[in-house]
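First the structure, in the form of structure tokens, and then the observations on it.
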Amino acid sequence: MSKSAKPMAKSTPKRRHLHRIDCEDALEQAFVQLKALDPELIGMMHDRAGPPPLRQRAPGFAGMVAIIVSQQVSVASARSIFARVSARFDPLEASAIADASEADLRQCGLSSPKIKCLRALCDAILHDKLDLATLGDMEADAAHDRLTQIKGIGPWTAHIFLLFCLGHPDAWPSGDLALQEGVRMALDLPERPNAKALEVISQRWHPWRGVAARLVWAYYGAVKSGTEFAAMAQAPDN
């Protein structure tokens, strides 16, 4: 090899850039892509429900805490508990929750399982085992798997965080009861599909399942006359 010659640099795989759904314009652009995949069914739901809502939540740690708080309680209870947590720990950061006493957390209305989940989440963040911000740049399945490694964070919590806090375009909470029922109604199925069946059905909308989920929820709400998100807010992790 001559002195002027240089060894060929190894190419490194580029991280796929995901279209984050973090504003109304991004949602509109993504909806166009979704409708192109399945014009008849998506068009029918859109005609009934109108444009899918953004439903954006606060990103980062505060957003995850709000979702954990909302597990298996009513919307009103979740809001009340999260308001007490936010007031007690201001700013709401992982270090504050990690240093809090059991009594402080219980006074906010948190149950033992939720306290354990929040402790595990804080431990992962503070020991650089989890970076919530970068999950939005990962494929939906990989990001979901990373979150569910945290004890207490189940499939529903992981998907809702990816969907509404990070605006992941392909997050699909297949265990959500309202989503299952909305798909059943849209496809006129004889019974509500379970999570596994819903995963199969959703492949027709990949990689825009996050937009499809918003539309299905809106369609479910339109058919059920204003009950949109009621079941979703109470859907259990399993």
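Structural remarks
- Measuring nothing but how far apart in sequence close Cα pairs (under 8 Å, 6+ apart) lie, relative to its length, the chain scores a relative contact order of 27 percent.
- Under 15 Å from the Cα of K196 - aspartates and glutamates, other chains or at least 8 residues apart: D141, D176, E181, D237
- Computed over segment 60-165: relative contact order in percent, which uses C-alpha pairs under 8 Å that are six or more apart: 31 percent
- Counting Lys and Arg as +1 and Asp and Glu as -1 over every other residue whose Cβ lies under 14 Å from the Cβ of K129, the net charge comes to -1.
- Ellipticity at 222 nm from helices only: DSSP H runs of n ≥ 4 in the chain, each -39500 (n - 2.57), divided by the residue count, give -16000 deg cm²/dmol.
- Options (1) 17.3; (2) 14.4; (3) 12.9 - which one matches mean projected area of the Cα convex hull in nm² as calculated here: (1)
- Highest-first arrangement of 212-224, 62-74, 129-141, where packing means the average Cβ count within 10 Å: 212-224, 62-74, 129-141
- Relative to the current alpha-carbon distance between D141 and L187, full extension at 0.36 nm per residue lengthens the span by 14.1 nm.
- Couplings for segment 96-110, taken from phi via the Karplus curve 6.51 cos²θ - 1.76 cosθ + 1.60 with θ = phi - 60°, read 5, 5, 4, 8, 6, 7, 4, 5, 4, 5, 5, 5, 7, x, 7 Hz in order; Gly and Pro are left as x.
Any read-out appearing in this document is the output of simple, stated calculations on the displayed coordinates, not a laboratory observation. Because the structure is predicted, anything quoted here is derived from the model rather than measured. Every residue, glycine among them, receives a Cβ derived from its backbone with ideal geometry; neighbour counts consider all protein chains shown.
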